Amino acid sequence: IAVLQIVKESQQQHGLRHGDFQRYRGYCSRRLRRLRKTLNFKMGNRHKFTGKKVTEEILSDNRYLLLILMDAERAWSYAMQLKQEANTEPRKRFHLLSRLRKAVKHAEELERLCESNRVDAKTKLEAQAYMAYLTGMLRFEHQEWKAAMEAFNKCKTIYEKLANAFTEEQAVLYNQRVEEISPNIRYCAYNIGDQSAMNELMQMRLRSGGTEGLLAEKLEALITQTRAKQAATMSEVEWRGRTVPVKIDKVRIFLLGLADNEAAIVQAENEETKERLFESLLSECRDAIQAVREDLKPDQKQREHSLENDSGKVSNIQYLHSYLTYIKLSTAIKRNESMAKSLQKALLQQQRSEEDGKRTPRPQDLIRLYDIILQNLVELTQLPGLEEDKNFQKEIGLKTLVYKAYRCFFIAQSYVLVKKWSEALVLYERVLKYAREVQSGAGAYTNSLKELPDVQDLITQVNAEKYSLQAAAILDANDTHETESPSQVKDGKPLSERFETFCLDPSLVSKQVSLVHFPPGFQPIPCKPLFFDLALNHVAFPPLEDKVEQKAKSGLTGYIKGIFGFKS
């Protein structure tokens, strides 16, 4: 049997693609039940349990090996599920270790059965590698680094040999498992005492998904622990000519790792990894600022006294807070600039995106990013302790002009899309004005502007866009005069109101076709009439005197008859 292939396919199809170990454990249980029923290898009946073991004598079908493999996978998946739950419930760690030992026991039984002559050499090697992998996992959790490293190395060696023995398509699976094991081996080597392994672990962290799974939390804890050891020797930091003591451990750890994090962002392989590292750095910076802010509250009176005595010079803790806020805002600017660059690349590939049916990026998305950058720059100029720093204010002013030029450029691009030629031309002139101001004032600040987008490239691009805009405006004016005919002008009416008029309307074959006005508009209707009987007052009723007189004449007779009960 192909042990690794069966395991990987089962895991990917039944929950592990989304990290759902409970679903995978349920699948293993159901598959075990089906295998036992098919092989008639039942453990007793519903009333009594009778244990059975797979032996070499009954090993006539490879499904008997699958029974042992699914037992091991079920125990392993339960252990990984408990590992997720142990973050909030530490007592479950004991159950986790018990399940891992159970998985290793089943793997040992699988390896013992595969030593039979009925099993081919490839299955024997895969069973040995599987056994070594689970043993390494167990030793890793026990923090027995040397034993875990030996097991992982054995597993890696077997899979590398198997990868070399088969075709490239078959070797992909083995190479993937080798890549999964490599970070664990380097982590064990570091804990044994190999200091060079730390650099390799940091490189693996840069790869997207390189530290997922068993190693992710341990690697982050290791990095924090290493920085904490170095933080013990750090006592102060210098920024813009002023030295500030650093007494908060969380801030020391953050400042020590700042250079490493920035280098990692530069070396990131793709935009997704870079975005993840930016978010991690900003999160650490916010935690450090919160720690400083908590120390600022009891220091408020002392800070006000310091302001009076030092003629406006802020206290050390306030200046440290300004420094950390500067790092946070600068990192946010770099992140938004990185997102803007990726969106600009996407704008260049706009036609291909439309063919793929994906959402096409628009210049408005870039305008929003540059608005956020400009807001961050405004906050930088308001940092306490830097109001009187003229060089700093001048530098931020030049950066503001650069980003204003780019924001203005993309506003002009959005006007070009809706064919507002005059507005776009005015905005292009404004872009050139900002760019020339930057070039004229960037003499002494060339080094600080190196990281910003090149203004000269923007000037070249704007000049080219101006000429193409003027040509497009002339062509559009000519097309308007030539093609403005009743048969090609859409008047905005729905189809139901222009049956008698032929009109070339491309929207009729699109998803947003206008057939009728919906919802329909209100229309006036006559209200229900009210009836007033005004003629009743002018009607003359017929006289009844004759009938009244006749009734009066027979009145006495009728009265007498009524007394004696006679009826007429």
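The values are calculated or read from the model by the stated rules, or taken from the named source; none is laboratory data. Here the structure is a predicted model, which is why all the values come from computation and not from measurement. Cβ coordinates were reconstructed from backbone atoms using ideal geometry, including for glycine residues, and neighbour counts include every protein chain displayed. Each accessible area value is taken on the protein alone, full model and side chains, heavy atoms only, with ligands, DNA and RNA left out. Shrake-Rupley method; radii C 1.70, N 1.55, O 1.52, S 1.80 Å.
For every residue, the table says whether it meets (1) of a type in the set (V, I, T); (2) buried (at least 16 other Cβ atoms within 10 Å of the Cβ).
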{"site": "V3", "(1), (2)": "yes, yes"}
{"site": "E9", "(1), (2)": "no, no"}
{"site": "L16", "(1), (2)": "no, yes"}
{"site": "R25", "(1), (2)": "no, yes"}
{"site": "R31", "(1), (2)": "no, yes"}
{"site": "R46", "(1), (2)": "no, no"}
{"site": "A75", "(1), (2)": "no, yes"}
{"site": "Q84", "(1), (2)": "no, no"}
{"site": "A103", "(1), (2)": "no, yes"}
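Taking each residue of the range 162-174 that is assigned by the TED database to the domain that holds L4 and looking for partners that are acidic (D, E) and open to solvent by 70 Å² or more (accessible area, probe 1.4 Å) with beta-carbon atoms closer than 8 Å, six or more apart or interchain, yields Y174/E160.
Taking L32 and the conditions (1) over 19 Å from A103 (Cα atoms); (2) at pLDDT 90 or above, which numbered condition does it fall short on, given that it satisfies the others? Checking L32 against (1) over 19 Å from A103 (Cα atoms); (2) at pLDDT 90 or above, the one that fails is (1). If only residues of the range 506-559 that are aromatic (F, W, Y) and modelled with pLDDT of 80 or more are counted, the one that is most open to solvent (accessible area, probe 1.4 Å) is F522. Of the residues making up the range 149-178, those that are under 23 Å from K83 (Cα atoms) and open to solvent by less than 40 Å² (accessible area, probe 1.4 Å) are A151, F152, C155, R177, V178.
Residues in the range 238-275 that are in contact (Cβ under 8 Å) with a residue 12 or more places away in the chain and part of a strand (DSSP E or B) were compared, and the one that is farthest from N316 (Cα to Cα) is W239. Residues that are among the small types (G, A, S), under 17 Å from V455 (Cα atoms) and not in a loop (DSSP other than H, G, I, E, B) do occur in the range 390-406.
On inspection, K146 fails the criterion of being over 25 Å from A189 (Cα atoms) and open to solvent by 10 Å² or more (accessible area, probe 1.4 Å).
Among the residues of the range 100-116, is any polar (S, T, N, Q) and farther than 25 Å from E144 by Cα?
Restricting attention to the range 100-116, the residues satisfying the condition of being polar (S, T, N, Q) are 116.
Filter again for farther than 25 Å from E144 by Cα, leaving 116.
Yes, the range 100-116 contains at least one residue that is polar (S, T, N, Q) and farther than 25 Å from E144 by Cα.
Tell me which residues, restricted to the range 91-125, are polar (S, T, N, Q), assigned to a loop (DSSP other than H, G, I, E, B) and without any contact (Cβ under 8 Å) to a residue 40 or more places away in the chain. First the steps, then the outcome.
Residues of the range 91-125 that are polar (S, T, N, Q), as a first pass: 98, 116-117, 123.
With the extra rule that they be assigned to a loop (DSSP other than H, G, I, E, B), the set shrinks to 116-117.
Within the range 91-125, N117 is the sole residue that qualifies.
If I filter the range 132-141 for residues that are under 20 Å from M80 (Cβ atoms), of a type in the set (D, E), at pLDDT 90 or above and surrounded by fewer than 21 Cβ atoms within 10 Å (Cβ to Cβ), do I get at least one hit? Yes. The condition (being without any contact (Cβ under 8 Å) to a residue 60 or more places away in the chain, touching a Leu at 6+ places or on another chain (Cβ under 9 Å) and open to solvent by 30 Å² or more (accessible area, probe 1.4 Å)) is satisfied by just one residue among T55, T50, T88: T55.
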